Ligand SMILES: Cc1ncc(COP(=O)(O)O)c(C=O)c1O
């Protein structure tokens, strides 16, 4: 059979409130053209993020009921710890309330003024936590990552020569660790190849540098390695994931992605001194080491989610449904980052509305146009998210259509494709925006805009 179906049945439904174009126009104005400021009930299809928006399985909900809510040493913690040990091989596993909490612990300990942290591409919270510590966050993507239509299968790879040049330039003693984001969310959700992970590990070994993963989407990355990298197709995806973790000295994970939970995070460490210091900080601001700011039921849901995310029928459906949307847009002549990655389709907004200059935020114009047209919420990943005072302009102006896990069916995705194709036909009427109010950090969450 060539049709790949959603490998689940729907047991509980959540109604979608349909809205009219007039209503949406008013909502958009009231939200100052920032979709983060729109109420979720006013959204028809919500593709703002795949983070924490997935649907939990019946087994996860059963775990929620079974959970042990003891303060210390709860059964639920040990179930969570043992599942994470099995998947990652790490002995030291700290739960945190989400990915950025793991990042905050890590960079409070290893960051600081004068330090430099390279990555294939830092996600916004990672960058913000590094910069908050006083350190500098540097992106080292391969050149192909900047070309939306370049068919390179692993545009998440790091430029290894650039990493070596950076180490040479700033000195290894200023680099507390080298990080790799799998898959690379800011750079189009693109996977990193096993070959590249091994090469970066080798550079780290040469210079005695710790190698860390931002492993939010490790299962999707492992599946894309299986699909695209020579010699990997016959390996079970769990084995590929395990090799990825074996290469690393530590990892931050937002379980809101491949943990398929609504809240949760993980910090994996091998170094006992770092573990000791991170545990102390965890207790100070998150919670005791066997719950890390979560309830026992969250730990149960994570344990089960990390198990389910490595089921190959799930991953096949997951990656294929992302591809299905990307393929429909490409067929209609809409430029996306191609080939699509795991969790989202990234539209090249600069190509979508070439009449809008970068300083008038073409990505934000597409996001607003898509909401106005069909009530679909997407996320700008471009000059709004990464620009601002004293920051280099981002490489690309993108709009991300992030697909929540196990939430939308094929007809929902067809609706999204149709809306974008219609919007493209009238793209000339999209208007640029100017920022009228914005905070200094992470401005995309709260900035206010007006249309020009
Ligand atoms: C690659 C990456 N790293 C880190 C994070 C931060 O995780 P959280 O939102 O759980 O704090 C995200 C969230 O979107 C992400 O995509």
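What follows is calculated from the coordinates using simple rules that are stated; it is not laboratory data. Keep in mind that what you see is a predicted model, and the values were worked out from it rather than measured. Backbone-built Cβ (ideal geometry, glycine too); neighbour counts: all protein chains shown.
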Residues that are within 12 Å of the ligand (Cβ to nearest atom), part of a loop (DSSP other than H, G, I, E, B), over 13 Å from the mean Cα position of the chain (by Cα) and under 27 Å from residue 442 (Cα atoms): does the range 180-197 have at least one?
yes
Right, residue 130: within 13 Å of the ligand (Cβ to nearest atom) and either surrounded by fewer than 22 Cβ atoms within 10 Å (Cβ to Cβ) or under 17 Å from residue 180 (Cα atoms) (or both) or not?
yes
Residue 112 versus (1) part of a loop (DSSP other than H, G, I, E, B); (2) within 14 Å of the ligand (Cβ to nearest atom): which is the lone unmet condition?
(2)
Being surrounded by 22 or more Cβ atoms within 10 Å (Cβ to Cβ) and in a helix (DSSP H, G or I) is the filter here, so list the residues in the range 158-171 that pass it.
163
Within 14 Å of the ligand (Cβ to nearest atom) and either within 14 Å of residue 170 (Cβ to Cβ) or in a strand (DSSP E or B) (or both): is that true of residue 137 in this structure?
yes
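Yes or no, residue by residue, for (1) within 10 Å of the ligand (Cβ to nearest atom); (2) part of a loop (DSSP other than H, G, I, E, B); (3) without any contact (Cβ under 8 Å) to a residue 60 or more places away in the chain; (4) crowded, with 22+ Cβ neighbours inside 10 Å:
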position	(1), (2), (3), (4)
118	no, no, no, yes
148	no, yes, no, no
151	no, yes, no, no
156	no, yes, no, yes
Test for residue 294: is it buried (at least 20 other Cβ atoms within 10 Å of the Cβ) and more than 15 Å from the ligand (Cβ to nearest atom)
no
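For residue 250, indicate whether it is touching a residue at least 60 places away in the same chain (Cβ under 8 Å), within 15 Å of the ligand (Cβ to nearest atom) and more than 14 Å from the chain's Cα centre (by Cα).
So residue 250 passes the test.
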So is residue 213 within 16 Å of the ligand (Cβ to nearest atom), in contact with a helix residue (DSSP H, G or I) (Cβ under 8 Å, 6 or more places away or on another chain), farther than 22 Å from residue 391 by Cα and in a strand (DSSP E or B) or not?
yes
With respect to the numbered conditions (1) without any contact (Cβ under 8 Å) to a residue 40 or more places away in the chain; (2) within 12 Å of the ligand (Cβ to nearest atom), which one is the sole condition not fulfilled by residue 231?
(2)
Candidate set: the range 222-238, residues that are over 11 Å from residue 195 (Cβ atoms) and more than 22 Å from the chain's Cα centre (by Cα); chosen: the one surrounded by the most Cβ atoms within 10 Å (Cβ to Cβ):
235
Out of all the residues in the range 326-351, which are crowded, with 24+ Cβ neighbours inside 10 Å and part of a helix (DSSP H, G or I)?
349
The helices (runs of 4 or more DSSP H) lying wholly within the range 1-103 that contain at least 1 residues that are under 30 Å from residue 246 (Cα atoms) are 58-66, 75-88
Out of (1) in contact with a strand residue (DSSP E or B) (Cβ under 8 Å, 6 or more places away or on another chain); (2) exposed (fewer than 15 other Cβ atoms within 10 Å of the Cβ), the odd one out for residue 354 is which?
(1)
